[in-house]
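To keep things clear, I will list the structure first and then write my remarks on it.
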Amino acid sequence: MTTPILEIRNLHARIEDRDILKGVNLIIPPGEVHAVMGRNGSGKSTLSYVLAGKEDYEVTEGVVLLDGQNLLEMDPSERASAGLFLAFQYPIEIPGVATMTFLKAAMNAQRKARGEAEMTTPDFMRAVKTAGTELNVDTDMLKRPLNVGFSGGEKKRAEVLQMALLQPKMCILDETDSGLDIDALQVVSKGVNGLRAANRSMLVITHYQRLLNHIVPDVVHVFSDGKIVESGDKDLALQLEAKGYADFDGAAA
Amino acid sequence: MAQSLPIRLGAAEATLIAQLTSVGATAEAERLSIAGLPTRRVESYHYTDLKSLLKAVPPLGLAANAASAPALRVAGAYQLMIANGVIQSSTTAPAGVIVGKAEGGALSTRDDVLVHLNGALAKESLSLTLENSVDPVIQIDRRIEGEAAHVADSLKIFVADNASAVILETFSGSDAAHVGNHATYLAVGKNAVVTHITVDLSARAVSHFATNEYQLADGAKLRTVTIHAGAALSRSQVFARFAGPGAHGDFTGLNLVADGQHNDITIDIRHGVAHTTSQEMYKQIARGRSKAVFQGKIVVERDAQKVDAKMMMQGLMLSDEAEILSKPELEIYADDVVCGHGSTCGELDADSIFYLMSRGIPKAVAETMLVRGFIAEVLDPIEDAALNEALNGVVDGWLLEA
């Protein structure tokens with residue numbers, strides 16, 4: 001059997017004194033797109049932060065392997081260089097750091113961490129231009145400070161642009177549809193679909209089925225009270241949309 | 001009520017009094033023996049108590065034959081040097097630049113001990129007259145060389161009407177416990193456009209004091225950048241006076257303070273006439289056990305209607321032991337003006353560091369990017385590419401020392 005891109009076994013995590021993740025088990029084989037759906041507060045976003053290595057969360061139990069490597073031993077930048085990418089629900093605005101400068105720093109940091117040579121400026125510009133064209137990201141936007149004053153749609157397009165440039169093995173999309181209108185949703189989804197590949201897996205976190213019409217998952221998981229309570233094919237998302245979460249987690253909506 | 005008891009004079013004060021007497025400045029000597037160096041009870045020195053901070057003053061500097069390289073290299077710049085108070089002009093002046101010497105100091109009289117000392121001790125001033133726009137950056141390299149010395153030097157710059165120029169002053173020299181007292185008077189002519197940058201790169205044993213006085217005529221546009229990146233103790237004073245309508249000033253600075261340092265930027269901006277505007281933007285970064293001080297005063301005089309002045313100080317704390325002190329003051333005597341001030345202080349944002357790291361950028365690099373982002377507002381307006389790069393290099397150098 002091939003090594004899964006992501007393997008989560010019995011993951012428990014807490015923030016301060018509150019247990020949020022209570023035994024997550026999830027295996028994502030290469031090339032598959034999995035969706036995690038769940039109501040607000042079920043711990044979906046916590047899962048994405050814990051995987052990316054945010055300091056505020058403490059992992060109390062469990063194992064996470066990224067392509068066979070122990071993810072939990074790495075700091076966030078090492079996780080990224082190992083091939084993990086989190087598309088943020090709310091990308092952070094960073095005044096004073098030009099988007100272009102940031103992109104180059106990120107690409108070269110990852111190359112350096114993997115022992116590869118730094119990219120030349122012309123190669124970098126070409127890569128940015130190619131990826132930007134598909135996502136309607138023009139160079140003017142890239143000269144602006146990172147995410148500062150970007151509209152909701154621009155922020156999400158910038159996230160997918162970063163994903164396209166960094167070529168991760170494992171993409172986590174945290175509520176990528178939030179703050180997007182229909183047109184922006186289509187552009188972003190098209191960008192994400194363009195990155196589907198045999199050696200790249202994705203975890204799409206959402207609480208609306210809408211996004212999954214655009215990014216069609218191979219497997220859908222229902223998340224409730226810090227763990228996965230049900231898994232199925234894409235039709236599970238439709239059932240959830242029709243019936244609500246109560247049928248799956250037993251709690252009143 | 002006047003203090004009737006004689007004050008106790010310290011070693012630094014005794015030396016200063018003897019030095020003032022030796023150059024014949026008896027009135028200054030007497031003033032200092034009565035008042036002493038300012039303590040925190042003097043409002044303008046509230047956070048920089050010179051009486052306790054300035055422990056000793058070395059002998060008055062002798063002429064130095066310094067030929068060392070400038071502390072900061074800016075490609076294409078025209079350079080002048082003042083070493084231990086003695087003016088040494090080097091390369092050929094660009095067209096329209098007249099270099100000369102004038103007797104005595106450069107500053108207007110004001111109730112300030114550093115101004116008094118400079119006026120009494122600086123024997124001559126380097127005078128620089130710009131008759132027209134000057135393309136190359138004009139760099140004045142002010143140095144204190146050799147054994148520990150007390151040096152007062154002085155510079156007068158006149159920029160003609162409609163001219164434009166970028167003037168850089170760098171302060172450096174040998175690694176000894178110097179006390180430098182530097183003065184610059186800059187008159188900006190009608191509709192002239194001037195950028196004036198001062199960078200302290202003194203060795204860590206030095207006490208660095210600089211007073212910059214500005215006079216802005218009608219329609220003049222001035223940008224000042226005060227950078228502290230050296231010296232154990234430093235204080236830069238920025239005294240500006242708006243004397244003609246339509247003048248605008250951007251007063252900016254970076255106070256970079258590391259372990260064991262106490263650096264102070266004190267500004268006093270006077271809008272003396274109507275329809276003048278200014279923006280003050282100062283950033284302070286402190287690490288280790290250190291103290292960064294900013295005092296910002298804006299005065300709008302009675303007839304100066306329609307003045308628009310906004311002042312901002314932002315502090316970034318890189319350690320728990322660092323102190324950042326900020327005192328904004330507005331004194332407004334006119335009734336139709338827009339004036340404001342703000343002051344913020346914080347640490348690097350953890351969410352921002354996480355975001356950068358989540359893209360593969362190591363923590364130390366992420367922090368450096370955020371610090372550079374923090375100061376970008378101050379350095380970005382410097383358009384000359386070589387100069388901008390040199391100033392960013394100063395900041396990078398400071399960050400690397402950590």
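The values are calculated or read from the model by the stated rules, or taken from the named source; none is laboratory data. What you see is a predicted model, and the numbers here were worked out from it, not measured in a lab. Reconstructed Cβ throughout: ideal geometry from the backbone, glycine too, with neighbour counts over all protein chains shown.
For the range A:27-36, check the following and say yes or no: at least one residue is more than 15 Å from the chain's Cα centre (by Cα) and in a strand (DSSP E or B). Yes; the residues of the range A:27-36 include at least one that is more than 15 Å from the chain's Cα centre (by Cα) and in a strand (DSSP E or B).
Only one of B:ALA210, B:ALA231 is touching a residue at least 24 places away in the same chain (Cβ under 8 Å), assigned to a loop (DSSP other than H, G, I, E, B) and within 16 Å of the chain's Cα centre (by Cα); which?
Criteria check complete, one pass: B:ALA231.
Only one of A:THR99, A:THR130 is of a type in the set (Ser, Thr, Tyr) and touching a residue at least 24 places away in the same chain (Cβ under 8 Å). Can you tell me which?
Matching residue, one of A:THR99, A:THR130: A:THR99.
The set of residues in the range B:21-64 that are touching a Ser or Thr at 6+ places or on another chain (Cβ under 6 Å) and among the acidic types (Asp, Glu) contains only B:ASP49.
Of the residues making up the range A:164-197, those that are in contact (Cβ under 8 Å) with a residue 60 or more places away in the chain, surrounded by fewer than 23 Cβ atoms within 10 Å (Cβ to Cβ) and either within 25 Å of A:MET119 (Cα to Cα) or among the polar types (S, T, N, Q) (or both) number 7. For the residues B:ALA192, B:ALA165, B:ALA220, the requirement of being under 21 Å from B:ILE138 (Cα atoms), of a type in the set (Gly, Ala, Ser) and in contact with an Asp or Glu (Cβ under 8 Å, 6 or more places away or on another chain) singles out B:ALA192. Residue check: A:ALA127 meets all listed conditions (1) over 21 Å from B:ASP349 (Cβ atoms); (2) crowded, with 20+ Cβ neighbours inside 10 Å; (3) of a type in the set (A, V, I, L, M, F, W, C) but one, namely (2).
For the range B:372-382, the count of residues that are out of contact with any Asp or Glu (no Cβ under 6 Å at 6 or more places or on another chain), of a type outside the set (Lys, Arg), closer than 30 Å to A:ALA82 by Cα and not in a loop (DSSP other than H, G, I, E, B) is at least one.
The strands (runs of 3 or more DSSP E) falling completely within the range B:301-365 that include 1 or more residues that are within 14 Å of chain A (Cβ to nearest Cβ) and at pLDDT 95 or above map to B:308-317, B:338-346. The number of residues in the range B:15-68 that are more than 30 Å from B:ASP141 (Cβ to Cβ), among the β-branched types (Val, Ile, Thr) and part of a helix (DSSP H, G or I) comes to 4.
Restricting B:GLY296, B:GLY397, B:GLY393, B:GLY288 to residues that are on the phi > 0 side of the Ramachandran plot and either free of Cβ contacts under 8 Å to residues at least 60 places away in the same chain or away from chain A (no Cβ under 14 Å) (or both) narrows the list to B:GLY288.
Scanning for something more than 29 Å from B:ALA163 (Cα to Cα), modelled with pLDDT under 95 and either assigned to a loop (DSSP other than H, G, I, E, B) or β-branched (Val, Ile, Thr) (or both), does the range B:77-91 turn up at least one residue?
yes
Exactly one residue out of B:THR109, B:THR91, B:THR39 is surrounded by fewer than 17 Cβ atoms within 10 Å (Cβ to Cβ), in contact with a strand residue (DSSP E or B) (Cβ under 9 Å, 6 or more places away or on another chain) and without any contact (Cβ under 8 Å) to a residue 24 or more places away in the chain, and it is B:THR91.
Of the residues making up the range A:57-77, just one is within 8 Å of chain B (Cβ to nearest Cβ) and surrounded by fewer than 23 Cβ atoms within 10 Å (Cβ to Cβ), namely A:ASP75.
Within the set A:GLU116, A:GLU93, the sole residue that is free of Cβ contacts under 8 Å to residues at least 24 places away in the same chain, touching a helix residue (DSSP H, G or I) at 6+ places or on another chain (Cβ under 9 Å) and within 14 Å of another protein chain (Cβ to nearest Cβ) turns out to be A:GLU116.
For every residue, the table says whether it meets (1) crowded, with 18+ Cβ neighbours inside 10 Å; (2) closer than 24 Å to A:MET163 by Cβ.
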position: B:GLY342; (1), (2): no, no
position: B:ASP351; (1), (2): no, yes
position: B:PHE354; (1), (2): yes, yes
position: B:ARG359; (1), (2): yes, yes
position: B:ALA366; (1), (2): yes, yes
position: B:PHE374; (1), (2): yes, no
position: B:ALA386; (1), (2): no, no
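The criterion of being of a type in the set (A, V, I, L, M, F, W, C), farther than 26 Å from A:SER178 by Cα, crowded, with 22+ Cβ neighbours inside 10 Å and more than 8 Å from chain B (Cβ to nearest Cβ) does not hold for A:LEU51.
Go through the residues of the range A:187-197 one by one and say whether even a single one is farther than 28 Å from A:ILE27 by Cα and not basic (Lys, Arg). Yes - at least one qualifying residue is present in the range A:187-197. Of all residues in the range B:262-288, those satisfying the criterion of being surrounded by fewer than 24 Cβ atoms within 10 Å (Cβ to Cβ) and not in a strand (DSSP E or B) are B:GLY272, B:VAL273, B:ALA274, B:HIS275, B:ARG287, B:GLY288.
Against the condition within 13 Å of another protein chain (Cβ to nearest Cβ) and at positive phi, how does A:ASN147 come out, does it pass? Considered against the rule, which asks whether it is within 13 Å of another protein chain (Cβ to nearest Cβ) and at positive phi, A:ASN147 comes out as yes. So for the range B:233-254 (the condition being among the charged types (D, E, K, R) and crowded, with 23+ Cβ neighbours inside 10 Å), does at least one residue qualify? Scanning the range B:233-254, I find at least one residue that is among the charged types (D, E, K, R) and crowded, with 23+ Cβ neighbours inside 10 Å, so the answer is yes.
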